[in-house]
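Data first, discussion second: the structure below is written as structure tokens.
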Amino acid sequence: MYFHRQELQHAATPEKPDAVYARKLQEVLGGQYGEITVALQYQFQAWNMHIPGKYRDLVFGIGAEEMGHVEMLAVMIAQLLEKAPLGITEDAVQSDPTVAAVIGGTDIQHGIVAGAGARPVDSNGNPWQGSFITASGNLLADFTANANAEMQGRVQVARLYHQTDDHGVKDLLAFLLARDTMHQNQWMAAAAELQAEGLEKLPVPSNFPLDKEDRDVAYQYINFSDGAKAGDGTWASGPTPDGKGEFSYLPEPPAGVPMPPPTHPDARFYGTTEVPNTVEKLAGRAQDALHKE
């Protein structure tokens, strides 16, 4: 059950309107690694989790906090749009505010669709997608994905920090950067704890029988590039992070195997093949007559 308290976790008040920067902030709200993604990603992971206790409580807790971050960014974007002029470029285009908005870098749908408010989109106006969410049910895989999401999000917020002189905006971004720091460390600590407790191990999924994979190539670095330095890394020699083998290095791929012949699907897919059209038509009619569907 959710209960909304009409407070913000941290101040989110800009010094002045800035429609162009409002569009930039949309990336860390509705982009692939934005706050909408992590908030719902963590919630779905918790809803789908198979064990009760500290890990589920952790995921629910951070997910709830991230919903608060969604709210702070939405409120900040709305305030940046409040009283922001539509026409922000040279006098030559001021007579057409829509053209001025496009040239100036604003999101005209902020005004047309959202009435000077935030939208669930990225900085290019692409709608947020549920496909951004990772919730596999494997906690080591999910916690590692969560750490990546926080890292990518923090990179974007850090870049945005240097693109404004507004002290109110910077104050909010400084707070979000700090929380991203905490969450990166939380997910890395949780992933390490899972392994220390023996709940999950590398490689993920650790319960899959290793004897069913082709172990001859399981720790083999095969160099598919003409770059010669990859063999110098710790991923090309020495013990593997999962503790189950030793890396080896092949400077170039071994000989391949012949390509199988082209496929010939049902004639009623109407793909172009070397079979004459008349033959394919007859084949399709025969399959229809035999009710092969």
- prompt: Do we find a residue being open to solvent by less than 60 Å² (accessible area, probe 1.4 Å), at pLDDT 95 or above and aromatic (F, W, Y) anywhere in the stretch 143-158?
  reply: yes
message: Looking at R23 and the list (1) in the same structural domain as S131 (by the TED database); (2) more than 20 Å from P120 (Cβ to Cβ), which single condition is not satisfied?
response: (2)
F132 aromatic (F, W, Y) and under 29 Å from E246 (Cβ atoms): no
field: Within the stretch 206-245, tally of residues that are of a type in the set (K, R) and either assigned to a loop (DSSP other than H, G, I, E, B) or within 22 Å of L139 (Cα to Cα) (or both)
entry: 2
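Of the residues R215, R268, which single one is surrounded by 10 or more Cβ atoms within 10 Å (Cβ to Cβ), of a type in the set (D, E, K, R) and either within 30 Å of Q195 (Cβ to Cβ) or out of contact with any helix residue (DSSP H, G or I) (no Cβ under 9 Å at 6 or more places or on another chain) (or both)?
Details: R268 fails: either within 30 Å of Q195 (Cβ to Cβ) or out of contact with any helix residue (DSSP H, G or I) (no Cβ under 9 Å at 6 or more places or on another chain) (or both).
Sole residue among the options that is surrounded by 10 or more Cβ atoms within 10 Å (Cβ to Cβ), of a type in the set (D, E, K, R) and either within 30 Å of Q195 (Cβ to Cβ) or out of contact with any helix residue (DSSP H, G or I) (no Cβ under 9 Å at 6 or more places or on another chain) (or both): R215.
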statement: Residue pairs within 7 Å by beta carbon, gap of at least six or interchain, first lying in the stretch 198-211 and in contact (Cβ under 8 Å) with a residue 40 or more places away in the chain, second exposed (fewer than 13 other Cβ atoms within 10 Å of the Cβ), listed first then second, are L202/P241
- line: Here the residues within the stretch 120-136 that are open to solvent by less than 30 Å² (accessible area, probe 1.4 Å) and out of contact with any Lys or Arg (no Cβ under 9 Å at 6 or more places or on another chain) are V121, D122
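Does H10 satisfy the criteria of being more than 22 Å from the chain's Cα centre (by Cα) and surrounded by fewer than 14 Cβ atoms within 10 Å (Cβ to Cβ)? Steps first, please.
Numbers: more than 22 Å from the chain's Cα centre (by Cα): yes; surrounded by fewer than 14 Cβ atoms within 10 Å (Cβ to Cβ): no.
No, not satisfied.
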- line: Note on G284: of the conditions (1) open to solvent by 70 Å² or more (accessible area, probe 1.4 Å); (2) more than 32 Å from the chain's Cα centre (by Cα), unmet is (1)
message: Need pairs with beta-carbon distance below 8 Å; first residue farther than 14 Å from V217 by Cβ and within the stretch 234-253, second in a strand (DSSP E or B) and charged (D, E, K, R); sequence gap 6+ or separate chains.
response: S237/E246; G238/E246; P239/E246
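The values are calculated or read from the model by the stated rules, or taken from the named source; none is laboratory data. All values derive from a computational prediction rather than experimental measurement. When we count neighbours, we look across all protein chains shown, and the Cβ atoms used for this are built from the backbone with ideal geometry, even at glycine. SASA here: full protein model, heavy atoms, side chains in, ligands and nucleic acids out. Shrake-Rupley method; radii C 1.70, N 1.55, O 1.52, S 1.80 Å.
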